[in-house]
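Novice: Take this structure, written in structure tokens, and hold onto it; I'll ask about it next.
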Amino acid sequence: MVQRDYLDQHDKTGSFAAATEGENGETDRLLIKNVVLAIDRYQAANQGVARASSLTKALQEIYELAAGGLSGASSTLAKVLNHLMQECTIVLTDLATAEMLSETAEAIKPGEWNSEHIAQALAELRRRQGKYDPKLGMRGKSPQQGVFAVFSDAIRAVAKVESAQTEKLGEERYKFGDPDTGEIGPDIQKALDDFRHVEAFLGEKQLVLEHLRPLAQAVDGSEDKLAGLKAELSRKESEAGFQPPQIPLGILPSEVFLSLLQSGTILDDFGAGLQHGELSHRIQWYALIDYMNSESGITWNFKPAELFKKINSPPFSPDRTGNSMWGTLFDKGTSASAKSYNAPGTLNRDLLESAPDFKPEGPGLAERDRRYEKPDTSGLESIGAALMQLRELRIEQANRAIKGSESSKSEPGKLPEERALEEKSWTAYGLPPRHLVQEIENEYERASFTVASEGEFNDSSAFSSSPGKRNRWKVLKATS
């Protein structure tokens, strides 16, 4: 469990007191008072720059008071105390991990930690730190700033060791080479060579657009431009050895998500939002496949589908710095004014603006610099028209879903901060709020799609709004 009922709240003592309201026994009242005072001391220790020792001492006091009062407490109070003790145990374990790794990093001798050890330490610290991210305050949770700061200090200590190892081996050898020697094997080197060609290709906007002309020609002959776009994308992907595209519903467990990509399956990702474009990655790959199959003068080591699988497999997803090659090449931010088409938001916006009826209004049109020089998109108007059709569909669904949400009051538990964040994200980036996600999921389930795989998992995300909830997920595929 990541988000907790008491220590994560803005009003920690208030939330504990509310949970124990109605406990009138003298022993219970005295115990509650003492625990409230101990929680107050923990909150004070959590402000600003905090030391792990002071936070640990405050948490241990809460735990010992709760544990000592369990035997004489009422059954209701005992349940609350048990829950509080679990919360303390989680934070104490995290603090001990941060302190241990920080002390080890500061005392480390050259060569005692290799690149893999460093990467594992940083990944573990970042994973645990995520529970205390100040951004959680935007979702109605109190950021435990002191704990967060302790992890920041630990990450800095390990990062110094990483810096020394990177300097010794070189950045690329640190990221992808042997953990001890930095030696890069031939298969890894071949992939890196191909990735460099991909990066150079996506950096030449006009060249990318030239390799989208076959797509535009196919779409131009379609009455339903969006259907025509998806059909031509699927044809090209299938011809190149990719698996048919699938549509994830809900948050996929990481192993499911990665296994899909590693099998050569491209996803239709409506969750990426209007600014990013839900088909942007498929369009990037269409252009790349066309380029790889052309007389470009480049000798490729891998075929398109093989390269897709490589980029989504270790050590490229992610590398030892915690970054992914996919992010570097295909997902470099949602800016609509980037210098290359490594940024899907820029490709999406350029193509949208090629549509004759495009108007710069509505959600998901952030980050377009007035000084941006758009490349020549003439001849690609049919792609822009298809993307406009998709954009208008999502906005229409959002408006319909908003009305349904307001009339049914289907989200009574949502906090004002959550509503404000969702509204801002939708307005600026077209990120679908929950009611729109549900509307789109319903649309796919009503259409000719079948379930390719499904299951459930316990969402341990630091940003989960449903702690402890077993979340269901599905992946849909088109009916053959």
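The values are calculated or read from the model by the stated rules, or taken from the named source; none is laboratory data. Everything quoted here is computed from the prediction, not taken from an experiment. Every residue, glycine among them, receives a Cβ derived from its backbone with ideal geometry; neighbour counts consider all protein chains shown. Ligands, DNA and RNA are stripped out before the accessible areas are found, and what is left, the full protein with its side chains, is counted by its heavy atoms. Shrake-Rupley method; radii C 1.70, N 1.55, O 1.52, S 1.80 Å.
Novice: Carbon and sulfur atoms: what percent of the 1.4 Å accessible area of the range 33-186 do they account for?
Specialist: Here carbon and sulfur together make up 52 percent of the probe-accessible area.
Novice: Over 20 Å between Cα atoms: which of 236/477; 205/332; 332/374; 190/310; 12/33; 160/332 fall into that group?
Specialist: 160/332
Novice: With the Cα gyration tensor of the range 229-310 giving a ≥ b ≥ c as the square roots of its eigenvalues, does the rule (a/c under 1.5 for rounded; else a/b larger than b/c for prolate; else oblate) give rounded, prolate or oblate?
Specialist: Numbers: a/c = 2.13, a/b = 1.51, b/c = 1.41.
Because a/c hits 1.5 or more and a/b exceeds b/c, the range 229-310 counts as prolate.
Novice: Among the GluC sites (Glu not before Pro) within the range 164-221, which fall in a DSSP loop and have no more than 13 other Cβ atoms within 10 Å of their own Cβ?
Specialist: On the way: sites: 167, 171, 172, 183, 199, 204, 210; in loops: 183, 204.
Within the range 164-221, the qualifying GluC sites (Glu not before Pro) (loop, at most 13 other Cβ atoms within 10 Å) are 183.
Novice: Label points 7 Å out from Cα along the Cβ direction at residue 60 and residue 152: separation in nm?
Specialist: 2.6 nm
Novice: With a 10 Å radius around each residue's Cβ, average the other Cβ atoms per peptide and rank 356-366, 284-294, highest first.
Specialist: Numbers: 356-366: 14.0, 284-294: 20.6.
Packing order, densest peptide first, comes out as 284-294, 356-366.
Novice: Between the DSSP loop rule and a limit of at most 10 other Cβ atoms within 10 Å, which GluC sites (Glu not before Pro) in the range 9-62 are left? Please list the in-between numbers first.
Specialist: Values: sites: 21, 23, 26, 61; in loops: 21, 23.
Answer by residue number: 21.
Novice: Hey, what do the phi angles of the range 338-343 turn into as Karplus ³J(HN,Hα) couplings, whole Hz, using 6.51/-1.76/1.60 and θ = phi - 60°, x for Gly and Pro?
Specialist: Working through the residues one at a time gives 6, 7, 9, 8, 5, 9 Hz.
Novice: Would you grab the residues whose amide H sits under 5 Å from the one on residue 453? Only those 5+ places off in sequence or on another chain, please, with H modelled 1.01 Å from N.
Specialist: 475
Novice: Can you order the peptides 368-378, 435-445 by their average number of other Cβ atoms within 10 Å per residue, highest first? Don't skip to the answer; put the middle values down first.
Specialist: On the way: 368-378: 11.5, 435-445: 17.5.
In descending order of packing, they fall as 435-445, 368-378.
Novice: Find the centroid of the Cα atoms in the range 220-284 and in the range 6-34, then give the distance between the two in whole Å.
Specialist: Here the two parts' Cα centres lie 51 Å apart.
Novice: Pick out, in residue order, every one of the trypsin sites (Lys or Arg not before Pro) in the range 255-361 that is DSSP loop and has at most 14 other C-beta atoms within 10 Å; say none if there are none.
Specialist: Answer by residue number: 339.
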